[in-house]
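Where a number appears in this text, it was derived from the coordinates with a stated rule and is not lab data. These numbers were taken from a predicted model, which means no experiment stands behind them. FYI the Cβ positions are ideal-geometry reconstructions off the backbone, even for glycines, and counts take in every protein chain you see.
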């Protein structure tokens, strides 16, 4: 969530992800992963030490398109 630090004073990390999902904001990593078919599952606080993401991360799910259910 490297773009979150620009919005952190205006919204929570969850609100940031919602805005990225709605297309209201772009995040260089999350937007790319969404285009690759990832789906956000949840925001994780203190995921790693990273100023740009304010230490948040997003758990993303990728459903294997080659797996037959």
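Does residue 38 satisfy the condition of being buried (at least 16 other Cβ atoms within 10 Å of the Cβ) and without any contact (Cβ under 8 Å) to a residue 60 or more places away in the chain?
Details: buried (at least 16 other Cβ atoms within 10 Å of the Cβ): yes; without any contact (Cβ under 8 Å) to a residue 60 or more places away in the chain: yes.
When the stated conditions are applied, residue 38 passes them.
Failed condition for residue 43, given (1) under 30 Å from residue 66 (Cα atoms); (2) part of a loop (DSSP other than H, G, I, E, B), with all others met?
With respect to (1) under 30 Å from residue 66 (Cα atoms); (2) part of a loop (DSSP other than H, G, I, E, B), residue 43 is out only on (2).
Consider residue 55 carefully, then state whether it is surrounded by 15 or more Cβ atoms within 10 Å (Cβ to Cβ) and either in a strand (DSSP E or B) or out of contact with any helix residue (DSSP H, G or I) (no Cβ under 7 Å at 6 or more places or on another chain) (or both).
On the way: surrounded by 15 or more Cβ atoms within 10 Å (Cβ to Cβ): yes; either in a strand (DSSP E or B) or out of contact with any helix residue (DSSP H, G or I) (no Cβ under 7 Å at 6 or more places or on another chain) (or both): yes.
In short, yes.
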